[in-house]
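Okay, structure first, notes after.
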Amino acid sequence: MSSESENQPQTLSKPAFGEKEATELVDRVFGLKVSWIRPLPSYDDQNFHVRVLRSKGEAEGADEYVLKITNSEDSQEPDLIEAQTQAMIFLSAEGFPSATPYLTKDGNIMSLEPRGSEPDNKKYMVRLLTYLPGTPVAKVAAELATNPQIFYEIGKLAASLDKALTEKFHHPSVKSLHRGQFIWNLANVPLLDRYIYALGQNQYREVVEQVIEQFKEKVIPKLSSFRACINHGDLNDHNILVDCTSPSQGAPQYRVSGILDFSDMSYGYYVFEVAIAMMYAMIESADPLRVGGHVLAGFERVVPLTAAERGALFLLVCGRFAQSLVIAAHTALAYPHNRDYLLVTARTGWRHLARMAEAGQAAVEQLWFDTARTYGPRGDAD
């Protein structure tokens, strides 16, 4: 989502390629002829869904891709983008539903390209990724209200993904995932102090300020006791795709069909990933306080949490709400034309955070842990 350059989200320069420019880019860099193109919503990069005509000698038809144009600041970190892309390749080979890159005409996974009409010679890293079928969780929230099993599966997926990356992904570029001051890493919730002014006189500002102070006091001192891993870092309700697998009659059943957006990958902790997934499961849920228990149960089937990690969950989930709400408000000041997409979490997020604060840690934890317990006993944490 956001660059760590000087830890200033507002300095990001989001690409502004038109459809004609993007079409020419696909032809020039990848040697493919676009038959159809449309923009996709995005945070600070630019994405296009494209269909390309197959080459002569191949079966007639079209192949689908996502043209991903990285913002100009993150484009200056090729090792980081390579790590993200190599992780996607690795995960696909391991059986995860991850996109993979189409190589450039030069045989590379990405290419640094200018936008011809810009006077300041900014360059943007360009990739062409396979298009994954499915519907974002956010768009089928109503159907999922009666099918909490999918949230259990999302929890399992989150744990399995981090475990595979941490134990088996050894590409040389992985060192770039040590991202220190990266604003979206959950360890950096205290840095939100710098951007909280963007909330103005928001009625919930005091709640966020309390979360930040409690995070400093109760979470930061315990970080060294958490188990480290590589985090995807953004398993939100728009980055997880699902397919309906049930017949047309009866309650719909879903399975995860795609994992999107690896731009927030960084070294963190297992408990960060489950907290992030739990928080985003709440966004569109009809039972927001309870749904986290389903995610937790799935996660702990693969990676059971320690007592210290479980004890930090409440503030970690609150911390992610604070990150999402504060940074989105901050970024929306710089990109008012993208305000609707940037503030999508805020539509329900403020209400959920306030409800968590009102219920209190003990009551929310009891809901989570009781719900998780219905799936059977936990394993032992390593």
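Values quoted throughout were computed directly from the atomic coordinates according to the rules given, and no laboratory measurement underlies them. Owing to the predicted nature of the structure, the values given are computational and were not obtained by experimental measurement. Every residue, glycine among them, receives a Cβ derived from its backbone with ideal geometry; neighbour counts consider all protein chains shown.
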Take the conditions buried (at least 21 other Cβ atoms within 10 Å of the Cβ) and without any contact (Cβ under 8 Å) to a residue 40 or more places away in the chain and apply them to Ala328. Does it pass?
yes
So if I check each of Ala142, Ala158, which one is surrounded by 22 or more Cβ atoms within 10 Å (Cβ to Cβ), in a helix (DSSP H, G or I) and either touching a Lys or Arg at 6+ places or on another chain (Cβ under 6 Å) or small (Gly, Ala, Ser) (or both)?
Ala158
What pairs come up if the first residue lies in segment 209-228 and is without any contact (Cβ under 8 Å) to a residue 12 or more places away in the chain, the second is in a helix (DSSP H, G or I) and not polar (S, T, N, Q), and their beta carbons are under 7 Å apart, counting only those six or more places apart or on different chains?
none
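Can you name the strands (runs of 3 or more DSSP E) wholly within segment 13-88 that have at least 1 residues being under 30 Å from Ala329 (Cβ atoms) and touching a Pro at 6+ places or on another chain (Cβ under 8 Å)? Working first, answer last.
On the way: elements: 34-40, 46-53, 62-69.
Once the strands (runs of 3 or more DSSP E) in segment 13-88 are filtered for at least 1 residues that are under 30 Å from Ala329 (Cβ atoms) and touching a Pro at 6+ places or on another chain (Cβ under 8 Å), what remains is 46-53, 62-69.
Residues are listed down the side, and each one gets a yes or a no for (1) buried (at least 22 other Cβ atoms within 10 Å of the Cβ); (2) over 17 Å from the mean Cα position of the chain (by Cα); (3) among the acidic types (Asp, Glu):
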{"position": "Tyr65", "(1), (2), (3)": "yes, yes, no"}
{"position": "Pro101", "(1), (2), (3)": "no, yes, no"}
{"position": "Ser111", "(1), (2), (3)": "no, yes, no"}
{"position": "Pro114", "(1), (2), (3)": "no, yes, no"}
{"position": "Leu132", "(1), (2), (3)": "no, no, no"}
